[in-house]
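Structure first, commentary second.
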Amino acid sequence: MKAERLAWIAVVLIIAYITWKAISPLITPIFFGLILAYAAYPIQRRLAPKLGEMHSAMLLTVGMLGLGGVVTFELLMISVQVAASFYQSVVDFFRWLISQPLPPEVLDFLQNFFNQLIPRLSEYISKQAFSLPMYLLQLVVFLFTFYYALSNAHEIAEEIRLAIPDRNRRLGEEILESLNKTLGALVRAWLVLNVIKGVLMSLGFLLFGVSDLYTAIVAGFLTFIFSFVPLFEGWMIWLIAAAYFAKDAMYLHAIGIAIYGFLLVSPMPDYTIRPMMVAKDANLDETLVFIGMIGGTWAMGVKGLIIGPIVLNLLLVLLKEWKRVVSKEPSRRHSQAPSKPVPHPGV
């Protein structure tokens, strides 16, 4: 019997390991599919009585597909332009540097370094360009996850509740409530802050004279969209504006738009204003939210911005439960009552 149990445990562990290896490359699109489905669920709940759960989920997924198509196209165009410009700038810089009257040893070193750097840089850019099919695959996985989570939201929530053991149902429901409260605060802060960053980016383009009103509005919209894309964020927009000024030797304008974007658009607001918004909405400590965002991003990338504060808040819930359980334990006093009455000092 014991050998059979060990065999089943080994089979389960092997299956779990193979499953993890199969889905680990797709964790990011699955994660964000679930998060955005959670954010869109209030809309789904309003549309479901009129259209039905399946049709309302399909409508929202089609809208997300259009948005994903726009983002993919813009990412492709901007990535190609930025990569080509960066490659040419590196080549021009080294050619200029080698043409300077430097000692022969320094020139030889620069020439060798240049000969090794350029092929590797070209290979890296080509590799990034060929990674577009992987991005499209992740987009497909994201859309399927988004649709499935919305169309089966009620069943998923019911299964989670049924999975809570009756013995620890109170603690399980408290954990779910804390998770829902923190995740809701993070999603609301994420959406609101991204809208504010888009507006500020448009104002920055107009203030520093980067472009006309129409292009400034487009830049603000792209800032809002890119704030949902891992690694890109809104800093891509003000960085392109700064590079545009630097190319025309307008260095003060370049420094100005860079400082403006860094402090008001990205990344500074993500680690200052966002923790304060989440802490106020979820009734948490700002320092706890800040540490969760920093540590989570460091450990898990952009997913950690959401996972970090949630995990720390769940840890607080568990610590409070442990404190409650310990406080209810009867105190064990080993003091022994005296067998004979203590004589009075005056006796």
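The values are calculated or read from the model by the stated rules, or taken from the named source; none is laboratory data. From a predicted model like this one, the values you see are computed outputs, not experimental measurements. Ideal geometry is used to build each Cβ from the backbone, glycine not excepted, and the neighbour counts take in all protein chains shown. For the accessible areas, the whole protein counts, side chains as well, though only heavy atoms, and no ligand, DNA or RNA atoms are used. Shrake-Rupley method; radii C 1.70, N 1.55, O 1.52, S 1.80 Å.
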Helices (runs of 4 or more DSSP H) completely within segment 179-277 that count 1 or more residues being acidic (Asp, Glu) and within 22 Å of Gly292 (Cβ to Cβ):
268-271
With (1) surrounded by 14 or more Cβ atoms within 10 Å (Cβ to Cβ); (2) part of a helix (DSSP H, G or I) as the list, and Val326 as the residue in question, which single condition is left unmet?
(1)
Only residues in segment 298-310 that are more than 13 Å from Ala185 (Cα to Cα) count as the first member; pair them with residues that are of a type outside the set (Val, Ile, Thr), Cβ under 6 angstrom, at least 6 apart or cross-chain, and list the lot.
Val302/Pro230; Lys303/Phe31; Gly304/Gly296; Gly308/Gly292; Gly308/Met293; Gly308/Gly295; Gly308/Gly296
Could you say which residue among Leu193, Leu207, Leu179 is open to solvent by 20 Å² or more (accessible area, probe 1.4 Å) and touching a residue at least 60 places away in the same chain (Cβ under 8 Å)?
Leu179
If a residue has to be of a type outside the set (A, V, I, L, M, F, W, C), open to solvent by less than 80 Å² (accessible area, probe 1.4 Å), at pLDDT 70 or above and not in a helix (DSSP H, G or I) to count, how many in segment 100-141 make the cut?
2
Could you grab the pairs with beta carbons closer than 6 Å, sequence gap of 6+ or different chains, first residue in segment 230-246 and over 24 Å from Leu26 (Cβ atoms) and at pLDDT below 75, second one of a type in the set (Val, Ile, Thr) and crowded, with 20+ Cβ neighbours inside 10 Å?
Gly234/Thr223; Gly234/Val265
